[in-house]
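Student: The structure under discussion is supplied below as structure tokens; questions concerning it will follow.
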Amino acid sequence: MNIGFKALEAQYGMPNADAARMIRSIQESGWRISGKLAKEYPPLDDKALALQVVEAVQSAFEDREPVPIIH
């Protein structure tokens, strides 16, 4: 999970507790933002931001560069 922390911290300056919650949820939801997670973090209602967060986490775990999300 350290890899995911680094990705979220680097891109979004997110505290570790929030990053841990997001990483767990994204992994458990099959690389998606769940409705519950979106309710906890309202900025994730922005579809482009949600895609960027998922891509940051997933790419970190897959040891690859994130794909740019254009909005």
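The values are calculated or read from the model by the stated rules, or taken from the named source; none is laboratory data. Not measured: the values here are computed from a predicted model. Glycine gets a Cβ as well: all are built from the backbone with ideal geometry, and neighbour counts include every protein chain shown.
Student: Considering the stretch 20-55 alone, what residues qualify as being assigned to a helix (DSSP H, G or I), over 13 Å from Leu8 (Cα atoms) and in contact with a helix residue (DSSP H, G or I) (Cβ under 8 Å, 6 or more places away or on another chain)?
Tutor: Within the stretch 20-55, Ser25, Gln27, Lys36, Leu37, Ala38, Glu40, Pro43, Leu44, Asp45 meet the criteria.
Student: Can you tell me which residues in the stretch 14-66 are surrounded by 15 or more Cβ atoms within 10 Å (Cβ to Cβ), free of Cβ contacts under 8 Å to residues at least 40 places away in the same chain and among the aromatic types (Phe, Trp, Tyr)?
Tutor: Selection gives Tyr41 alone.
Student: Follow-up question, since we're still on this one. Applying the selection to the stretch 54-71, what residues are within 15 Å of Ile26 (Cβ to Cβ), at pLDDT below 90 and β-branched (Val, Ile, Thr)?
Tutor: The answer is Val57, Ile69.
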